[in-house]
1. In segment 178-233, which residues are touching a residue at least 24 places away in the same chain (Cβ under 8 Å), out of contact with any strand residue (DSSP E or B) (no Cβ under 7 Å at 6 or more places or on another chain) and closer than 27 Å to L135 by Cβ?
2. From (1) assigned by TED's automatic domain parsing to the domain that holds L309; (2) within 21 Å of the chain's Cα centre (by Cα); (3) of a type outside the set (A, V, I, L, M, F, W, C), pick out the condition that doesn't hold for E130.
3. Just one of the numbered conditions (1) surrounded by fewer than 21 Cβ atoms within 10 Å (Cβ to Cβ); (2) assigned by TED's automatic domain parsing to the domain that holds V67; (3) within 15 Å of L72 (Cα to Cα) is not true of R94; which one?
4. Would you say R273 is within 23 Å of the chain's Cα centre (by Cα), in the same structural domain as D158 (by TED's automatic domain parsing), of a type in the set (K, R) and surrounded by 14 or more Cβ atoms within 10 Å (Cβ to Cβ)?
5. Inspect all residues belonging to segment 301-308 and state whether any of them is without any contact (Cβ under 8 Å) to a residue 40 or more places away in the chain and surrounded by 11 or more Cβ atoms within 10 Å (Cβ to Cβ).
6. State all residues of segment 165-202 that are surrounded by 13 or more Cβ atoms within 10 Å (Cβ to Cβ) and among the small types (G, A, S); if no residue qualifies, say none.
7. Within segment 108-138, which residues are surrounded by fewer than 22 Cβ atoms within 10 Å (Cβ to Cβ), without any contact (Cβ under 8 Å) to a residue 60 or more places away in the chain and aliphatic (A, V, I, L, M)?
8. Are any of the residues in segment 292-302 under 22 Å from the mean Cα position of the chain (by Cα) and either assigned by TED's automatic domain parsing to the domain that holds A163 or under 29 Å from W26 (Cα atoms) (or both)?
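The values are calculated or read from the model by the stated rules, or taken from the named source; none is laboratory data. Fair warning: this is a prediction, and the values are worked out from it, not measured in the lab. Glycine gets a Cβ as well: all are built from the backbone with ideal geometry, and neighbour counts include every protein chain shown.
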Amino acid sequence: MPDSELMQLAIDAASNARTLTAPNPWVGCAIRSADGSTYVGATEPPGQAHAEIVALNAAGSQAAGAVLATTLEPCAHTGRTGPCTEAIIEAGVRRVIIGIEDPDVNVAGAGIAQLRAAGIDVGVGVKADEITAQLASYLHHRRTGRPYVILKLAATVDGRTAAPDGESEWITGVAARTDVHQMRAESQAILVGAGTVRADDPSLTVRLVDGPDPRRIVLGAAPTNAKVHPCTEWVGPLPELLDELGADGVLQLMVEGGANVASEFHDAGLVDRYVIYLAPAIFGGNDAHPLFVGAGTPTMAELRRGRFLSTAMLGGDLRLDISLD
């Protein structure tokens with residue numbers, strides 16, 4: 001089995017742990033023994049085993065002389081669990097394939113160095129682009145101390161989010177709404193404005209997929225009987241909010257507010273990814289509600305341009321993932 005195929009097994013395992021591990025990264029590990037058998041593991045909830053340990057336990061004595069692929073550099077320090085590097089060395093693994101280095105200050109190359117010092121052949125960079133995308137929010141958090149901010153928007157193809165009378169349920173279909181709930185489950189916090197709470201009274205929970213409900217943040221004051229409670233009500237600067245959430249272990253913040261909240265985050269340059277669900281529908285005219293409000297970019301020369309990270313069809317709707325970095 002080529003290294004890339006072994007790493008793909010690790011990537012697939014990591015995807016199954018996406019909603020379980022925060023604030024730890026969702027890591028996958030795959031082991032190929034000398035006789036060609038494979039064993040797979042993924043990171044367990046905080047305080048439990050890391051992916052490498054899960055896979056080593058599954059392999060048992062077959063780990064001796066094996067090749068181990070892990071999506072993220074193994075830890076070499078003691079936190080809530082012991083160092084994965086020591087377990088790899090003690091198991092007699094002969095070669096380790098690592099997708100990407102871990103920017104966490106407690107790791108940051110130390111795991112690779114420890115494995116090499118023990119005489120293990122270490123390769124880095126197999127399927128690095130795919131793993132970097134899979135761990136985007138974790139990597140961003142470790143490098144900046146702030147959560148990765150996803151601004152979710154749903155609109156018609158002419159860029160309208162609600163009818164002139166304010167009604168917006170439902171612009172997109174069930175498949176797109178289910179996808180939104182999956183994104184909620186993968187986020188440790190979700191944010192809306194107090195205006196959205198008063199107008200729609202959303203619960204902001206995960207109902208269409210299996211997964212944990214995110215922590216709920218409201219910009220402003222929520223009515224005492226609103227479904228969003230219990231929630232954090234925030235009235236300060238947005239950068240301070242991101243600093244506080246990052247310190248609390250929030251790796252990903254999903255912003256689901258209306259046009260005012262979307263504009264606040266966009267204008268401040270605080271959005272890391274725009275996820276826009278487009279429905280094959282057109283309001284026409286200019287009286288339906290827009291994606292953003294207020295003054296926009298004044299000239300073409302100043303227009304912020306980015307790149308499409310991915311596109312996907314969800315039922316009859318289109319999901320666009322965009323970065324302006």
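1. T178, H181, Q182, A185, V206, R207, L208, V209, D210, G211, P212, D213
2. (1)
3. (3)
4. Criteria met by R273.
5. Yes, segment 301-308 contains at least one residue that is without any contact (Cβ under 8 Å) to a residue 40 or more places away in the chain and surrounded by 11 or more Cβ atoms within 10 Å (Cβ to Cβ).
6. Once the filter is applied, which keeps residues that are surrounded by 13 or more Cβ atoms within 10 Å (Cβ to Cβ) and among the small types (G, A, S), segment 165-202 yields S168, G173, A175, A176, A185, S187, A189, G193, A194, G195, A199.
7. A108, A110, A113, A117, A118, I120, V122, V124, A128
8. So far as segment 292-302 goes, no, none of its residues is under 22 Å from the mean Cα position of the chain (by Cα) and either assigned by TED's automatic domain parsing to the domain that holds A163 or under 29 Å from W26 (Cα atoms) (or both).
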